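Read through the structure below, which is laid out as structure tokens, and then see the notes.
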Amino acid sequence: MVNAHRLFKERLHRLARKHHAMGKGYVMRLMPDGLMVPEPVRLRIELPYRVTTLLIVALLVFKGFLIASLGTQPYQDRLFTLDGGTLVEQAGAWIMQPDRISVFIADRISLVLQ
């Protein structure tokens, strides 16, 4: 009796999950045997190429501005401090490593700042 009750609760849980998924939208799929089966619609987050490109350019300009305003050695010291921190800080230190483009931008910005 206890086993039947547990199986019933599991079936109710599966039905509730399926109902919740179908509530977000579904499409009817025609199977090869002619049976129509509903499938939930999967929501995907897509970033347009322009937005992605703009975010990368903004990050490079930000890094260049930081390098130009702080100086190369103090910037490296701050990255070294971040590299010894938590996993998120280490990821930030990896992303903020100076590269050719950000150093080039820093050189151009330092000409303006002087």
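The values are calculated or read from the model by the stated rules, or taken from the named source; none is laboratory data. Since this is a predicted model, take the numbers as computed values, not measurements. Neighbour counts run over all protein chains shown; Cβ positions are idealised from the backbone, glycine included. SASA here: full protein model, heavy atoms, side chains in, ligands and nucleic acids out. Shrake-Rupley method; radii C 1.70, N 1.55, O 1.52, S 1.80 Å.
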Enter the accessible area per residue of the chain (Å², integer; probe 1.4 Å; all protein chains in place). 88
Before rounding to the nearest 500, sum -39500 (n - 2.57) across all DSSP H runs of length at least 4 in the chain and divide by the residue total; then give [θ] at 222 nm in deg cm²/dmol. -23000 deg cm²/dmol
Per 0.36 nm of contour for each residue apart, how much would the distance between residue 99 and residue 43 grow if the chain were fully extended, relative to their Cα-Cα spacing? 16.6 nm
In nm, give the distance between the simple-model label positions of residue 54 and residue 113, each being 7 Å from the Cα along the Cα-to-Cβ direction. 2.6
Globularity index of the chain, i.e. its alpha-carbon radius of gyration over 2.2 N^0.38 Å: 2.01
Can you tell me the orientation of helix 49-70 relative to the chain, as the angle in degrees between its alpha-carbon axis and the longest Cα principal axis, to the nearest 10? 30
